[in-house]
Amino acid sequence: MADKLVIVESPSKSKTIEQYLGHDYTVKSSKGHVRDLAIKGAGGLGVDVEHDFKPEYEVIPEKKAVVKELYDASRTAKEIYLATDPDREGEAISWHLLSVIDTKNKLVKRVIFNEITKTAILEAFTHPTDIDEHLVSSQETRRIVDRIMGFKLSKLLQSKIKSKSAGRVQSAALKLIVDREKIVEAFVQEEYYEIYAKFPTFTAQLSKLNGKNVKIDNSEAADRAIASFHRTFAVESRDVRRKNIDAKPAFITSTLQQDASNRLGFTSSKTMQIAQRLYEGIELGAESVGLISYMRTDSVRLSAYFVDHASAYIAAAFGKNYLGSFHKADAKSNVQDAHEAIRPTDPARTPESIRTWLSKDEFNLYQMIYARAIASLMKPTVVEVETLLLDAGTGLFKAVSTKQVFDGYLKIYGKFETEADENAGQLPECLPGDTLAPDAVTAKQCFTQPPQRYNEARLIKEMEDVGIGRPSTYAQTISTLKDRKYVTLVEKKFVPTDQGKITIEQLDIYFHDFIGATYTRDMENILDKIALGEAVQLDVIRDFYAFFEPLYENARINMDKLAPRETGEKCPLCGAPMVFRRSRYGEFEGCVDYPKCKYVKPRPQTGEPKEKAEDTHIRCPKCHKGTLVVRVASKGPNKGNKFYACGNFPKCRFVAPFKAVDRPCPRCGKPLVAEEDGTIRCIDAEKCGFVETK
């Protein structure tokens, strides 16, 4: 065992880093968090509300073996370097590691790097630092607030309306979807008409009618307007000007997820999973290399090192006339701005040059990241915009034509640019006062369209715009809404379920201020202030609890309990109505007077022999005694579907409606399971958050 121990988060990252550091270092992986708030005390919060909200932490049960391995490695080490991710969560993981390893009489340092390349790793180890207590305090505040709010709201909703969970970020996101659905449902379609004049080489659209903006709502009005126009149109003006179109800045987390959704059809979870692999290291022949910088960031900043090397690449590949300047956007006032934008680690490593070593999805995402970062340093695209105004007497027609003069950044980013230019066709050479006769003037019937429901890209953009969550939370928030059956996807757009609607309805009544974007945004800003040392953790938690607890108590007392849906039959034992109920095994029919009457309608007997449960040999993550076995649901809406249950039933009632995967979670080490659509997630995804989408 080497004298120098390095602890990172993921096993794949440890392999990449170890090859750079050499034999003097041993690199181990914590596989994510090793400790979390305990589930004990009043309400199972793991937080002592009566004594300044003191948190109580415990080693995550599934991490005990990992912790032992790290402790044993730390005992023989003389120097320990904590090299977890460069964000609040990574800082907190490093802080928790200090409590489970042997640090006595040892040099313990924090190492931070934004990319996993040999140059960046060696440079980071020459400038080790200490754990940032402010960042840790910010993460701990978030965890405590979200634990109190999440646990209390979830238990309340489970008891009152059978909703599975609620939380500061997920409920605010769900409210966006529900509110949009209300607008869609209330929308009344209206008819309107657009009028076009067609000429031999171009088409002009009516923009003014009798000097006013056009509003034609029926065919008769359209016909009257057309009849009033002159047979020849006079040229009122012809304007030609040049316009520069700047490249967009390099990707941040939210824009990467949006573009990957729009252009590649990736879910946010899939995008982050692929980006994680590109960041941690891809095998390029005999070497493992991190291809992109850290992918959880709010900043469009680029390092001077990258700008210099990328500029040299642009000049060599395209010519100096394509070399622009770095896009300097206004920095956001949050801690994530400490990171760079998402960029390739080496401009010379073009997508095509490494295509052999990448999967199709990895190549497509890397190509998009690469092109966007390089394009951000290139000159603008220059277009010539020609505008022609034609006077038709009672109407003014407008035609606009756009012609590219210099491709600029589109030289590399053209395939990703989907915004269509307005182009009416080839406009004629003419002067004011000239006359043109249209071949035809026609009206086009149109109908107003309702606001679009959110797809993943639009939802993430809206969450970012209004301040709900942070880049690292978007993918998990969306996965939670799907898992809780609060939303469904219709043509890749989110539609709230009845359960999602009633959840927001009740939260809106009793916790209106908490589930709105304003509170979530303000809390994120406060967490940023804690991270900067400008706010005090205890004050923030006290203020939150003083506001939240009275609302919770009012809801606990006054929120109506959702009445179960009747089946139309009577209980054969007591005569009371039979109702539909749900359990973790699916829907069943039982007496409304439960628990006074415990009658449950028997399942229909099929006469088929009971299938023997298949043992997966995966240790149960709940009791750690039994192993998970395959069973088949015999009733309810999931009838016939396989699910996984603890073989120690009924002593342990753990179930998971998934298909097992024969590798551990790379983040926490727990078993992975696969859904019917191929999505792979950690069996304890609620805590861990690991999701891998096809």
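The values are calculated or read from the model by the stated rules, or taken from the named source; none is laboratory data. For clarity, every value in this text was computed on a predicted model and none was experimentally measured. Glycine also receives a Cβ, built like all others from the backbone with ideal geometry; neighbour counts cover every protein chain displayed. All accessible areas refer to the heavy atoms of the entire protein, side chains included, with ligands and DNA or RNA removed. Shrake-Rupley method; radii C 1.70, N 1.55, O 1.52, S 1.80 Å.
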Looking at segment 534-632, what strands (runs of 3 or more DSSP E) fall wholly within it and have at least 2 residues that are surrounded by 12 or more Cβ atoms within 10 Å (Cβ to Cβ) and either of a type in the set (Lys, Arg) or modelled with pLDDT of 85 or more (or both)?
566-570, 577-583, 586-591
I need a count of the residues in segment 27-38 that are open to solvent by 20 Å² or more (accessible area, probe 1.4 Å) and at positive phi.
1
Since LYS64 meets every condition but one in (1) in a helix (DSSP H, G or I); (2) of a type in the set (D, E, K, R); (3) within 31 Å of the chain's Cα centre (by Cα); (4) farther than 14 Å from ASP36 by Cα, which condition does it not meet?
(4)
Residues of segment 399-412 being closer than 12 Å to ASP246 by Cα and assigned to a helix (DSSP H, G or I), which ones?
LEU410
Quick check: is even one residue across segment 72-81 under 18 Å from VAL136 (Cβ atoms), touching a residue at least 60 places away in the same chain (Cβ under 8 Å) and in a loop (DSSP other than H, G, I, E, B)?
no
Can ILE177 be described as in contact (Cβ under 8 Å) with a residue 24 or more places away in the chain, within 29 Å of ALA563 (Cβ to Cβ) and touching a Gly at 6+ places or on another chain (Cβ under 9 Å)?
yes
If you take the residues of segment 197-231 that are part of a loop (DSSP other than H, G, I, E, B) and open to solvent by 70 Å² or more (accessible area, probe 1.4 Å), which of them is modelled with the lowest pLDDT?
LYS215
Within the bounds of segment 10-26, is there any residue that is hydrophobic (A, V, I, L, M, F, W, C), within 34 Å of the chain's Cα centre (by Cα) and open to solvent by 20 Å² or more (accessible area, probe 1.4 Å)?
yes
For segment 368-398, which positions are more than 11 Å from ARG343 (Cβ to Cβ), touching a Ser or Thr at 6+ places or on another chain (Cβ under 9 Å) and not in a strand (DSSP E or B)?
LYS379, ALA392, GLY393, THR394
For a quick check of your reading of the model, give me the residue pairs whose first member lies in segment 539-560 and is under 13 Å from ASP52 (Cα atoms), whose second is not in a helix (DSSP H, G or I), with beta-carbon atoms closer than 9 Å and at least 6 apart or on different chains.
ILE541/VAL47; ILE541/ASP52; ILE541/PHE53; ARG542/ASP52; ARG542/PHE53; TYR545/VAL49; TYR545/PHE53
Every listed condition ((1) modelled with pLDDT under 95; (2) in contact with a helix residue (DSSP H, G or I) (Cβ under 7 Å, 6 or more places away or on another chain)) holds for LEU174 save (1)
Any residue that is within 30 Å of GLU549 (Cα to Cα), open to solvent by less than 40 Å² (accessible area, probe 1.4 Å) and either free of Cβ contacts under 8 Å to residues at least 40 places away in the same chain or among the aromatic types (Phe, Trp, Tyr) (or both) - is there at least one of those in segment 134-155?
yes
Just to check your reading of the model, which residue among ARG484, ARG453 is in contact (Cβ under 8 Å) with a residue 12 or more places away in the chain, closer than 30 Å to GLN158 by Cβ and open to solvent by 50 Å² or more (accessible area, probe 1.4 Å)?
ARG453
Residue that is in contact with a strand residue (DSSP E or B) (Cβ under 7 Å, 6 or more places away or on another chain), under 24 Å from PHE406 (Cα atoms) and of a type in the set (S, T, N, Q), where the choices are ASN244, ASN321:
ASN244
Which residue pairs have Cβ atoms closer than 8 Å, lie 6 or more positions apart in sequence or on different chains, and pair a first residue in segment 311-324 that is within 17 Å of ARG349 (Cβ to Cβ) and touching a residue at least 24 places away in the same chain (Cβ under 8 Å) with a second residue that is outside any helix (DSSP H, G or I) and open to solvent by 60 Å² or more (accessible area, probe 1.4 Å)?
TYR313/ALA348
Can you name the condition, by its number, that LEU532 falls short on among (1) touching a residue at least 40 places away in the same chain (Cβ under 8 Å); (2) of a type in the set (A, V, I, L, M); (3) over 30 Å from SER138 (Cα atoms); (4) out of contact with any Lys or Arg (no Cβ under 6 Å at 6 or more places or on another chain)?
(3)
Picking from ILE274, ILE292, ILE282, ILE314, the residue that is open to solvent by less than 30 Å² (accessible area, probe 1.4 Å), among the aliphatic types (A, V, I, L, M) and over 29 Å from VAL27 (Cβ atoms) would be ILE314
Go through segment 28-63 and report how many residues are without any contact (Cβ under 8 Å) to a residue 40 or more places away in the chain and over 17 Å from TRP95 (Cα atoms).
7
For segment 156-167, the count of residues that are in a helix (DSSP H, G or I), touching a residue at least 12 places away in the same chain (Cβ under 8 Å) and open to solvent by 10 Å² or more (accessible area, probe 1.4 Å) equals 2
Would you check which residues across segment 509-520 are buried (at least 17 other Cβ atoms within 10 Å of the Cβ) and in a helix (DSSP H, G or I) and list them?
TYR510, PHE514, ILE515, ALA517, TYR519, THR520
Selected residue (criterion: nearest to the chain's Cα centre (by Cα)) from residues of segment 403-436 that are crowded, with 16+ Cβ neighbours inside 10 Å and hydroxyl-bearing (Ser, Thr, Tyr)
TYR413
For segment 82-119, which residues satisfy the criterion of being open to solvent by 20 Å² or more (accessible area, probe 1.4 Å), at pLDDT 95 or above and part of a helix (DSSP H, G or I)?
TRP95
Name every residue in segment 177-230 that is of a type in the set (Val, Ile, Thr) and closer than 15 Å to ASP439 by Cα, in order of residue number.
ILE195, THR201, THR203, ILE226
Just checking, how many residues over segment 299-325 are assigned to a helix (DSSP H, G or I) and under 26 Å from PHE113 (Cα atoms)?
11
Cβ-Cβ under 6 Å, sequence separation 6+ or interchain: first residue in segment 422-435 and within 14 Å of VAL240 (Cα to Cα), partner open to solvent by 30 Å² or more (accessible area, probe 1.4 Å) and in a loop (DSSP other than H, G, I, E, B). Which pairs?
GLN426/THR201
